[in-house]
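First the structure, in the form of structure tokens, and then the observations on it.
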Amino acid sequence: MNAEIISVGTELLLGQVVNTDAAIVAQALSGLGINLLYSAVVGDNADRLRHAVDTAISRSDLLIMTGGLGPTTDDLTKETTAAAAGKKLVLHEESLRRIENYFNEKHVSENQAKQAWLPEGCTVLQNDNGTAPGCAFQAENGCTIIMLPGPPSELTPMLHNYAVPYLAKGQEAVIVSHNIHIYGRGEAPVAQMMDDLMDGENPTLAPYAKEGECLLRVTAKAPTAQEADRMCQPLIEEIRRRLGDFVYSIDIGTLEELVVAQLQKQGKKLACAESCTGGLLAKRITDVPGSSSVFDMGCVTYANAAKEALLGVPQEILAQHGAVSEETARAMAEGIVKRSGAHIGVGITGIAGPDGGTEEKPVGLIYIALSDGKETWVTKRSPIGRTKSRAWHRHCAASQALDMVRRYLGGMPVVADYANTKQK
């Protein structure tokens, strides 16, 4: 089955609202084994919308519409799509009752009531989180059309609870994907290492670049999810064999999620002392639910006086080597372990830019240290020869710190031969 998505809303065209609906729907279609060939955004204009719907119905087996089902005059999706499909709108009494109950009114306004007018003979998709119901029906030429509300908080549950089961009835294949997360190797070198594996048709392998990381997606199509998953496993194992401990997870989304889970499993706590990252490492860790059980404390010590007072960094180290140095990063990590009593301490100091660099210590020079109170490891991030933003340097420094923690907890070398970094 070939499908396409039309997202309706002028606010999407103008960039005032990010179109997350298309991504949510696309992922669901992939899981059903449905091929998504086109995705478009159309503003709140009846003529342009009718043209887009006519085109979609003529070339696709499935059309999913998102948005434009609400009570206002610019909500044109139902009327326009039903007309293109050769269907008239009729009042769906049960949906009207649900709208009245939603507002706790015996009679709602005409605008609100119009949401209960749906294409004749359609399967109604109940809205458990709002007022506008969705629906599924067939156009005169056999194209299946599904209309979903625009707000993601309404679209997502309706899609998964009602639309996906409706579509699954007619599917003969299931697509399963696994995401292999990699830190320390960029997209280009990873793609080169996997070049001979990317020609497969089922399963397939594709690389994706992330901010300072890389992701490989393994996808297989089979009659059942279990069979598709089995098809993926040999390829995943080969990738892990080639990349070794640069693979940090399969399907766990972020380094911080993995680190928090590992800390919880081992009953250990982490503390961090940050300078150039400004608390970003602490933020990323505490963004993970449940992190309060493993995150002890964080200090942002920009000034040298703060490094001395809060972390116990010796004044002579700062005077002799400077705030941005291996020695200072080491002292920060060791100091936060002593001050907090945590099992692991991380210290980060560097020059994130865009100003403040010198020939000896350029923008992008960052030292990251990890200490367990007995031993301390330090890694050095050096500029990579091209201009990067302050946000990029900070994000990548926090990521590398998380990866060092991951490696320590996993019994791997704490300081790895990271891509685009030089080690101390």
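The values are calculated or read from the model by the stated rules, or taken from the named source; none is laboratory data. Quick caveat: nothing in here was measured; it's all calculated off a predicted structure. Ideal geometry is used to build each Cβ from the backbone, glycine not excepted, and the neighbour counts take in all protein chains shown.
Among the numbered criteria (1) farther than 22 Å from D47 by Cα; (2) surrounded by 13 or more Cβ atoms within 10 Å (Cβ to Cβ), which single criterion is violated by H107?
Among (1) farther than 22 Å from D47 by Cα; (2) surrounded by 13 or more Cβ atoms within 10 Å (Cβ to Cβ), the lone unmet condition for H107 is (2).
Could you count how many residues in the range 381-391 are under 22 Å from C272 (Cα atoms) and either in a loop (DSSP other than H, G, I, E, B) or β-branched (V, I, T) (or both)? Don't jump to the end; show me each part of the working.
Applying the first criterion (under 22 Å from C272 (Cα atoms)) to the range 381-391 yields 381-382, 390-391.
After this cut, where a residue has to be either in a loop (DSSP other than H, G, I, E, B) or β-branched (V, I, T) (or both) as well, the list is 382.
Adding up the residues that qualify gives 1.
Does V108 qualify as being in contact (Cβ under 8 Å) with a residue 24 or more places away in the chain and not in a helix (DSSP H, G or I)?
Values: in contact (Cβ under 8 Å) with a residue 24 or more places away in the chain: no; not in a helix (DSSP H, G or I): yes.
So V108 does not fit the description; no.
Which of the residues spanning the range 49-63 are of a type in the set (G, A, S) and closer than 15 Å to G86 by Cα?
Within the range 49-63, the first condition is being of a type in the set (G, A, S), and the residues that meet it are 52, 56, 58, 60.
Matches in the range 49-63: A56, S58.
When only residues in the range 337-350 that are over 31 Å from the mean Cα position of the chain (by Cα) and more than 17 Å from L263 (Cα to Cα) count, which is surrounded by the most Cβ atoms within 10 Å (Cβ to Cβ)?
Going residue by residue through the range 337-350, those that are over 31 Å from the mean Cα position of the chain (by Cα) are 337-341.
Keeping just the survivors that are more than 17 Å from L263 (Cα to Cα) gives 338-339.
Values: K338: 14, R339: 17.
Looking at residues that are over 31 Å from the mean Cα position of the chain (by Cα) and more than 17 Å from L263 (Cα to Cα), I get R339.
Of these, V378, V363, V346, which one is in a strand (DSSP E or B) and over 13 Å from E274 (Cα atoms)?
Numbers: V363 fails: in a strand (DSSP E or B); V346 fails: over 13 Å from E274 (Cα atoms).
Going through V378, V363, V346 in turn, the sole match is V378.
A83 is checked against (1) modelled with pLDDT of 95 or more; (2) part of a loop (DSSP other than H, G, I, E, B); (3) of a type in the set (A, V, I, L, M, F, W, C) and fails just one. What number does that condition carry?
A83 satisfies every listed condition except (2).
Go through (1) at negative phi; (2) in a helix (DSSP H, G or I); (3) not β-branched (V, I, T) one by one and return the number of the condition Y248 breaks.
It fails just one condition, (2).
Checking the condition in the same structural domain as M297 (by TED's automatic domain parsing), in contact with a Ser or Thr (Cβ under 9 Å, 6 or more places away or on another chain) and within 13 Å of M404 (Cβ to Cβ), which residue from I384, I336, I348 passes? Working first, answer last.
Numbers: I384 fails: within 13 Å of M404 (Cβ to Cβ); I336 fails: within 13 Å of M404 (Cβ to Cβ).
Result of the check over I384, I336, I348: I348.
Give me the pairs: first residue in the range 406-424 and at pLDDT below 95, second residue in a loop (DSSP other than H, G, I, E, B) and loosely packed, with under 13 Cβ neighbours inside 10 Å, beta-carbon distance under 7 Å, and six or more apart or on different chains, which are they?
Within 7 Å, the pairs are Q423/D417.
Could you figure out which of (1) hydroxyl-bearing (S, T, Y); (2) in contact (Cβ under 8 Å) with a residue 12 or more places away in the chain; (3) in the same structural domain as I344 (by TED's automatic domain parsing) isn't true of Y208?
Of everything listed in (1) hydroxyl-bearing (S, T, Y); (2) in contact (Cβ under 8 Å) with a residue 12 or more places away in the chain; (3) in the same structural domain as I344 (by TED's automatic domain parsing), Y208 misses just condition (3).
Looking only at residues that are surrounded by 20 or more Cβ atoms within 10 Å (Cβ to Cβ) and touching a Lys or Arg at 6+ places or on another chain (Cβ under 8 Å) in the range 394-414, which one is nearest to Q262 (Cα to Cα)?
Selected residue: L409.
Could you tell me which of the residues G290, G353 is farther than 20 Å from A271 by Cα and within 31 Å of the chain's Cα centre (by Cα)? Reasoning before the result, please.
Values: G290 fails: farther than 20 Å from A271 by Cα.
After applying the criteria, what remains is G353.
Considering every residue within the range 76-86, establish whether at least one is in contact with a helix residue (DSSP H, G or I) (Cβ under 6 Å, 6 or more places away or on another chain) and of a type in the set (D, E). Steps first, answer last, please.
First, the residues of the range 76-86 that are in contact with a helix residue (DSSP H, G or I) (Cβ under 6 Å, 6 or more places away or on another chain): 76, 80-81, 84.
Next cut, of a type in the set (D, E) only: none.
There is no residue in the range 76-86 that is in contact with a helix residue (DSSP H, G or I) (Cβ under 6 Å, 6 or more places away or on another chain) and of a type in the set (D, E).
Taking the range 123-153 as the region of interest, how many residues are more than 18 Å from A3 (Cβ to Cβ) and either surrounded by 21 or more Cβ atoms within 10 Å (Cβ to Cβ) or not charged (D, E, K, R) (or both)? Give the derivation first.
Quick first cut of the range 123-153, residues more than 18 Å from A3 (Cβ to Cβ) only: 124, 126-133, 140, 149-153.
With either surrounded by 21 or more Cβ atoms within 10 Å (Cβ to Cβ) or not charged (D, E, K, R) (or both) added as a condition, the list becomes 124, 126-127, 129-133, 149-153.
Qualifying residue count for the region: 13.
In the range 290-341, how many residues are among the charged types (D, E, K, R) and closer than 23 Å to E360 by Cα?
Within the range 290-341, the subset among the charged types (D, E, K, R) is 296, 307-308, 316, 326-327, 330, 334, 338-339.
The next check asks that each one be closer than 23 Å to E360 by Cα; those that pass are 307, 316, 326-327, 330.
Total satisfying the criteria: 5.
Suppose we filter I285, I239 for residues that are outside the structural domain of M193 (by TED's automatic domain parsing), under 21 Å from K210 (Cα atoms) and touching a strand residue (DSSP E or B) at 6+ places or on another chain (Cβ under 9 Å); which single one remains?
Numbers: I239 fails: outside the structural domain of M193 (by TED's automatic domain parsing).
When all the criteria are applied, what remains is I285.
Filter the range 25-48 down to the residues that are in a helix (DSSP H, G or I) and more than 20 Å from K78 (Cβ to Cβ), then identify the one that is modelled with the lowest pLDDT. Break it down stepwise before answering.
First pass over the range 25-48, keeping only residues in a helix (DSSP H, G or I): 25-31, 46-48.
Keeping just the survivors that are more than 20 Å from K78 (Cβ to Cβ) gives 26-31.
Numbers: A26: 94, Q27: 89, A28: 92, L29: 91, S30: 82, G31: 78.
Looking at residues that are in a helix (DSSP H, G or I) and more than 20 Å from K78 (Cβ to Cβ), I get G31.
Can you tell which of E172, E201 is surrounded by fewer than 14 Cβ atoms within 10 Å (Cβ to Cβ), over 22 Å from H92 (Cβ atoms) and within 28 Å of the chain's Cα centre (by Cα)? Break it down into steps so the answer makes sense when it comes.
Numbers: E172 fails: within 28 Å of the chain's Cα centre (by Cα).
Checking each option against the conditions leaves just E201.
Name the residues in the range 50-74 that are surrounded by fewer than 22 Cβ atoms within 10 Å (Cβ to Cβ) and modelled with pLDDT under 95, would you?
G70, P71, T72, T73, D74
Return the total of residues in the range 268-283 being touching a His at 6+ places or on another chain (Cβ under 9 Å) and either surrounded by fewer than 22 Cβ atoms within 10 Å (Cβ to Cβ) or not in a strand (DSSP E or B) (or both).
The qualifying residues number 5.
Which residue, of A342, A401, is over 22 Å from I182 (Cα atoms) and either in the same structural domain as D296 (by TED's automatic domain parsing) or at pLDDT 95 or above (or both)? Steps first, please.
On the way: A401 fails: over 22 Å from I182 (Cα atoms).
Result of the check over A342, A401: A342.
Would you pick out the residues in the range 87-102 that are in contact (Cβ under 8 Å) with a residue 24 or more places away in the chain and surrounded by fewer than 13 Cβ atoms within 10 Å (Cβ to Cβ)?
If we filter the range 87-102 for residues that are in contact (Cβ under 8 Å) with a residue 24 or more places away in the chain, which is where we start, we get 87-92, 94-95, 98-99, 102.
Within the range 87-102, K88, L91, E94 qualify.
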